[in-house]
Amino acid sequence: MSLSNIPNFFQAGGLFMYPILALLGLGLAITIERMIYLKRAHNESRVLWSRLLPLINAGNYGEAEKIASASTTAIGRVLGFGIARSRGATKRTPVERAMEESLMEVTPQLERRTHYLATFANVATLLGLLGTIIGLIHGFGALADVNPAQKQDLLSKAVSEAMNCTAFGLMVAIPFLLLHSWLQSVTDSLVDQIEMAAVKFLNSLGLED
């Protein structure tokens, strides 16, 4: 399909092309926002961890806590909370649980709005099918009073136009599903980095279970 045919393709799909187009716009906005947010979070976490690791290995937990507490990153919040909880601790378990609770608080922020892409993909597919069905209903209804010699041509045209809505719905849904999987994998990777940092910090404390 050439670019010059896109307006005709869109107009032939019927009214349900517009809500699908709205989902496309919203989904693209969410994708761009999440890509920027996760890329920044990944870079900031890597820089912060490169500053904290030497301090943790040296046992300088006071300075590490200052740096982590001043950071707004997820890894900074988790480690800052863990370092604060480790003061005076004699057992590993309370510190570990405190960091797990902090991780449970920051993880939803990392995953925020990503799930909408999968929802938009499903809704776009269903809207495409609904638009096609309604288009076929109107097409068959219009054939009732048509000359039998013209019915075949009109029916072929009606089916062709009705299928445009399904095609557009799938064109929106498939990329959104792929983007959702990719963003989710990036988020999972960031959470894994935070968990790895938490484990290294806990091991540096040398506390008993």
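The values are calculated or read from the model by the stated rules, or taken from the named source; none is laboratory data. Only a predicted model underlies this, so the values are computations on that prediction, with no experimental measurement involved. Here Cβ is always computed from backbone atoms with ideal geometry, including for glycine, and neighbour counts include all displayed protein chains. Note: accessible area is taken over every heavy atom of the protein model, side chains too, but ligands, DNA and RNA are not part of it. Shrake-Rupley method; radii C 1.70, N 1.55, O 1.52, S 1.80 Å.
Observations on the structure shown:
- For segment 168-188, the candidate set comprises residues that are small (G, A, S) and free of Cβ contacts under 8 Å to residues at least 60 places away in the same chain; within that set, the residue that is surrounded by the most Cβ atoms within 10 Å (Cβ to Cβ) is A173.
- Inclusion of A118 among residues that are over 17 Å from D192 (Cβ atoms) and outside any helix (DSSP H, G or I) is not warranted.
- Restricting segment 116-126 to residues that are out of contact with any Leu (no Cβ under 8 Å at 6 or more places or on another chain) and touching a residue at least 12 places away in the same chain (Cβ under 8 Å), the residue that is most open to solvent (accessible area, probe 1.4 Å): L126
- Counting only helices (runs of 4 or more DSSP H) that sit wholly inside segment 1-74, those with at least 3 residues that are of a type outside the set (S, T, N, Q) and touching a residue at least 60 places away in the same chain (Cβ under 8 Å) are 6-12, 17-57.
- Restricting L110, L79 to residues that are within 18 Å of R34 (Cα to Cα) and either among the aliphatic types (A, V, I, L, M) or touching a Lys or Arg at 6+ places or on another chain (Cβ under 8 Å) (or both) narrows the list to L110.
- Where a residue in segment 85-101 is without any contact (Cβ under 8 Å) to a residue 60 or more places away in the chain and its partner, wherever it lies, is of a type outside the set (G, A, S) and open to solvent by less than 90 Å² (accessible area, probe 1.4 Å), with Cβ under 8 Å and at least six apart: R85/P94; R85/V95; R85/M99; R87/Y61
- Residues of segment 83-115 classified as open to solvent by 50 Å² or more (accessible area, probe 1.4 Å) and under 19 Å from the mean Cα position of the chain (by Cα), total: 8
Residue-by-condition table, conditions (1) more than 18 Å from the chain's Cα centre (by Cα); (2) at pLDDT 95 or above; (3) within 19 Å of T125 (Cα to Cα):
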{"site": "M1", "(1), (2), (3)": "yes, no, no"}
{"site": "P7", "(1), (2), (3)": "yes, no, no"}
{"site": "Q11", "(1), (2), (3)": "yes, no, yes"}
{"site": "G14", "(1), (2), (3)": "yes, no, yes"}
{"site": "Y18", "(1), (2), (3)": "yes, no, yes"}
{"site": "L26", "(1), (2), (3)": "no, yes, yes"}
{"site": "I32", "(1), (2), (3)": "no, yes, no"}
{"site": "N43", "(1), (2), (3)": "yes, no, no"}
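- Residue-level check: of (1) open to solvent by 10 Å² or more (accessible area, probe 1.4 Å); (2) within 30 Å of T125 (Cα to Cα), P54 misses just (2).
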